[in-house]
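Here the structure is laid out as structure tokens; the discussion comes afterwards.
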């Protein structure tokens, strides 16, 4: 058996966890989980469990990273050693470096960095439990935590991944689908303007499949944005 | 000296709108960053909003206030950004031969040159005048474009804090603490029989007996809890 051979969706379009193609895993959001941070957010998305904490704006150290006209975002994405069944060696690795970089670049498009020259805003994303799509959960949680910290932003970033399993395009891949599926398309959407802040793709999709995955992501992002806004207004979602 | 007005946060207490907009037309609504708040034409933009393509967008999470034709957001949390003339309470974090570095709760430490210090000191004698870790009441003299600031201790009532306690509150709650033309703060001072000096950076110097200090602390705590309840949708 190779990739694409594992049956993950039945003839009725029901996936191995009981969802339909366009369904998103259950989401819960809680704000203020790290009292010492300036802003924080815990997001559970399926079995994913992520904490994002924001510190700053503060003086940027070392001085060589300072920018005279804007703040810098210091994003650190880290998976806890116990977050997956295979123990992850603590510390930065190639993957976490890459995700930290793309997360910072996605957030830079919404955070009004020009208001805090020479400063640094520290964004800490810790994956407590990983199922699939942790970069999406991390990015969404970080944008909610930034809003909670009172950092001026022009929009939130909501990130979702769609992909292809057994030649069917589905929304919000779970672990099995992510591991044995044919393609994965994580996207970071600015829900109020409909713009894109982040796009990656793993595997192959035809133009039609790409469009379908895109539409799934856009629709899911709008729904999840509603959850994020409710959490920001009331402190948690669901109540 | 108890209860006496030594240094007044004059730029806060005298402001007519210190407690937020008093207009009857006020409309409140909780908003999240990016939320569309209507057309920008005919509106003035206050704190926490920007205009993009003719529409007003929120940039902060908090309560929207409509005061006349000005739309602003009272944020849930803010970082202190120094402005010239602000009365602040700072902690000395370090010093050189003729400069103190003061933590005023802003992204950057402020500097206090010896020429603006409380008293004459010999070159290299900064620590004998104000030591590291000590709290001072000072005023922001200058803020550069790059956010680094200079504070001064030359001025009436500006001094080293030798007694009492320093407490913190979120800077955006100061308006509520002070009240309309300083009424609420005056009342608090009278009730607690404490000297309370409010810094614009959200730090308060409370000087008085134990029970008075406790009373002020309780007031600060209830204010913070109240604000949280408001933003959490308890009271609109």
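The values are calculated or read from the model by the stated rules, or taken from the named source; none is laboratory data. None of the values given here were measured: they were computed from a predicted structure. No Cβ is skipped: glycine too gets one built from the backbone with ideal geometry, and neighbour counts run over all protein chains shown.
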For this session: Taking the residues in region B:222-236 that are assigned to a helix (DSSP H, G or I) and either under 13 Å from residue B:62 (Cβ atoms) or away from chain A (no Cβ under 14 Å) (or both) as candidates, determine which candidate is modelled with the highest pLDDT.
Result: B:222
Seminar exercise, completed: All conditions in (1) touching a residue at least 40 places away in the same chain (Cβ under 8 Å); (2) within 14 Å of chain A (Cβ to nearest Cβ); (3) more than 24 Å from residue A:118 (Cα to Cα) are true of residue B:58 except (1)
Exercise. Does residue A:146 satisfy the criteria of being over 30 Å from residue A:204 (Cα atoms), outside any loop (DSSP other than H, G, I, E, B) and within 14 Å of chain B (Cβ to nearest Cβ)?
Worked result: yes
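Taking the options A:132, A:161, name whichever one is more than 10 Å from every other protein chain (Cβ to nearest Cβ), assigned to a loop (DSSP other than H, G, I, E, B) and within 23 Å of residue A:44 (Cα to Cα).
Details: A:161 fails: assigned to a loop (DSSP other than H, G, I, E, B).
Going through A:132, A:161 in turn, just one is more than 10 Å from every other protein chain (Cβ to nearest Cβ), assigned to a loop (DSSP other than H, G, I, E, B) and within 23 Å of residue A:44 (Cα to Cα): A:132.
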Exercise. How many residues does region A:113-129 contain that are within 14 Å of another protein chain (Cβ to nearest Cβ) and part of a strand (DSSP E or B)?
Worked result: 4
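Any residue at all in region A:205-226 that is within 11 Å of chain B (Cβ to nearest Cβ), in a helix (DSSP H, G or I) and either in contact with a strand residue (DSSP E or B) (Cβ under 6 Å, 6 or more places away or on another chain) or farther than 17 Å from residue A:42 by Cβ (or both)? Break it down stepwise before answering.
First pass over region A:205-226, keeping only residues within 11 Å of chain B (Cβ to nearest Cβ): A:225-226.
Still in the list and also in a helix (DSSP H, G or I): A:225-226.
Now narrow it down to the ones that are either in contact with a strand residue (DSSP E or B) (Cβ under 6 Å, 6 or more places away or on another chain) or farther than 17 Å from residue A:42 by Cβ (or both): A:225-226.
Yes, some residue in region A:205-226 is within 11 Å of chain B (Cβ to nearest Cβ), in a helix (DSSP H, G or I) and either in contact with a strand residue (DSSP E or B) (Cβ under 6 Å, 6 or more places away or on another chain) or farther than 17 Å from residue A:42 by Cβ (or both).
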Exercise. Which of the residues belonging to region A:115-148 are surrounded by fewer than 24 Cβ atoms within 10 Å (Cβ to Cβ) and within 26 Å of residue B:148 (Cα to Cα)?
Worked result: A:115, A:117, A:118, A:119, A:120, A:122, A:124
Exercise. Right, residue A:79: more than 30 Å from residue A:6 (Cβ to Cβ) and either within 14 Å of chain B (Cβ to nearest Cβ) or touching a strand residue (DSSP E or B) at 6+ places or on another chain (Cβ under 9 Å) (or both) or not?
Worked result: no
Problem set entry | Residue satisfying all of: in region B:34-55; within 22 Å of residue A:231 (Cα to Cα) and either assigned to a strand (DSSP E or B) or more than 23 Å from the chain's Cα centre (by Cα) (or both); nearest to the other protein chains (Cβ to nearest Cβ) among these | B:34
